[in-house]
Amino acid sequence: MKNGASKATALPDITLDDIGGLPEEMKEEIHQTLSIIKDPKRATQVGIKAPKGILLYGPPGTGKTLLAQAIAHEIGATFYSSSGSAFTELFVGVGASRVRSLFQNARKQRPAVIFIDEVDALAGKRKEHGGEESEKTLTELLVQLDGGNDNEGILFIAATNRKDMLDEAFLRPGRIDYTFNVPLPDTGGRREIIDIHTKGRKLADEVYASLDVLAESTSGFSGAELSSLFETASKRAIRDGREKIGKSDLDFAIDRTILGSTSRALNDM
Ligand code: ATP
């Protein structure tokens with residue numbers, strides 16, 4: 001694939017309000033970071049440098065991609081999205097050249113956010129990394145991140161479920177300036193996420209009345225799982241010709257989600 005992994009992707013209309021369950025201090029810090037990015041001159045006057053790179057880490061489906069999209073949206077940036085695996089298992093030199101063209105393309109569209117999901121596949125610890133080719137690709141990433149003034153207006157955001165796997169050199173300040181843990185939501189967080197994903201859906205009164213209990217009883221569910229709960233329940237209601245999501249639809253969706261996570265866990269064993 002020529003120029004793979006280097007295209008701008010359409011940015012959904014996502015704001016920070018569309019992300020539930022983020023700890024208050026984290027939201028505060030993100031708002032501060034955004035105001036520095038939006039007004040770098042003022043930030044320089046008070047001795048703060050605009051961040052070049054942000055790392056988001058946490059379990060799958062907690063909203064890391066959503067957060068990267070919301071940040072790009074808030075600062076009016078073009079969004080370049082890719083996955084660490086798009087830079088691996090390639091012919092000689094292709095990984096490094098993809099990294100280069102990703103940054104080159106983004107520099108033509110400033111302000112731009114470059115988002116790399118599963119960054120551990122690209123920026124894993126060198127000792128444990130898969131050989132010379134991966135090392136070259138990682139070195140190219142470090143070179144591009146160090147692009148000096150050439151990176152003005154470029155914000156790099158990386159996401160991973162495996163922060164412990166990342167190379168120290170990649171995590172150095174100046175490359176990654178802020179690191180945010182995006183955790184599984186607590187009860188209050190799940191309630192917020194449920195609100196977000198029931199907006200615009202029709203619920204039977206008894207389902208509506210049970211949403212607090214649902215938030216309490218879904219400990220361990222990620223935002224992605226909560227979202228898919230209502231998607232599945234909606235589809236079942238439509239299939240059976242019901243106008244509103246009923247209790248049986250939601251129970252069915254909960255069983256499915258729990259079964260799905262159990263079989264995933266068994267497969268991982
Ligand atoms: P992965 O680590 O697997 O890449 P992720 O943390 O990037 O996952 P997202 O891709 O952002 O997770 O989430 C997938 C979908 O799940 C979102 O598009 C959204 O519908 C829902 N979702 C996840 N987290 C949240 C959240 N905190 N608030 C609202 N919706 C969420």
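Brief remarks follow.
- Extreme residue, nearest to the ligand (Cβ to nearest atom), among residues of the range 44-64 that are closer than 11 Å to A159 by Cα and among the aliphatic types (A, V, I, L, M): L56
- Looking only at the range 219-234, and only at residues there that are surrounded by 14 or more Cβ atoms within 10 Å (Cβ to Cβ) and away from the ligand (no atom under 11 Å from the Cβ), the one that is nearest to V182 (Cα to Cα): T232
- Taking the range 244-269 as the range and being in a loop (DSSP other than H, G, I, E, B) and at pLDDT below 95 as the test, only M269 passes.
- Of all residues making up the range 93-152, the number that are under 19 Å from A169 (Cβ atoms) and free of Cβ contacts under 8 Å to residues at least 24 places away in the same chain: 6
Residues are listed down the side, and each one gets a yes or a no for (1) crowded, with 18+ Cβ neighbours inside 10 Å; (2) touching a helix residue (DSSP H, G or I) at 6+ places or on another chain (Cβ under 8 Å); (3) part of a helix (DSSP H, G or I); (4) of a type in the set (S, T, Y):
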site	(1), (2), (3), (4)
A10	no, no, no, no
I14	yes, yes, no, no
L22	yes, yes, no, no
E25	no, no, yes, no
E28	no, no, yes, no
K41	no, no, yes, no
T44	no, no, yes, yes
K49	no, yes, no, no
L56	yes, yes, no, no
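- Which numbered condition M165 fails, given (1) modelled with pLDDT of 95 or more; (2) under 30 Å from S219 (Cβ atoms): (1)
- When residues of the range 185-205 are limited to those that are within 12 Å of the ligand (Cβ to nearest atom) and assigned to a loop (DSSP other than H, G, I, E, B), the one least open to solvent (accessible area, probe 1.4 Å): P185
- Residues of the range 197-253 satisfying the condition of being among the β-branched types (V, I, T) and either farther than 21 Å from P185 by Cα or touching a strand residue (DSSP E or B) at 6+ places or on another chain (Cβ under 7 Å) (or both): V207, I238, I245
- In the range 66-184, counting only helices (runs of 4 or more DSSP H) that sit wholly within it, the ones holding 1 or more residues that are closer than 20 Å to T33 by Cβ and open to solvent by less than 40 Å² (accessible area, probe 1.4 Å) span 94-107, 131-145, 168-171.
- Boolean, L11 is more than 11 Å from the ligand (Cβ to nearest atom), closer than 30 Å to A96 by Cβ and in contact (Cβ under 8 Å) with a residue 12 or more places away in the chain: yes
- Test: residue in the range 115-133 that is closer than 23 Å to I14 by Cα, touching a strand residue (DSSP E or B) at 6+ places or on another chain (Cβ under 8 Å) and more than 16 Å from the ligand (Cβ to nearest atom): no
The values are calculated or read from the model by the stated rules, or taken from the named source; none is laboratory data. These figures come from a predicted structure and were not determined experimentally. All Cβ positions, even for glycine, are placed from backbone atoms using ideal geometry, and neighbour counts span all protein chains on display. Accessible surface is based on the protein model in full, side chains and every heavy atom, while ligands, DNA and RNA are left aside. Shrake-Rupley method; radii C 1.70, N 1.55, O 1.52, S 1.80 Å.
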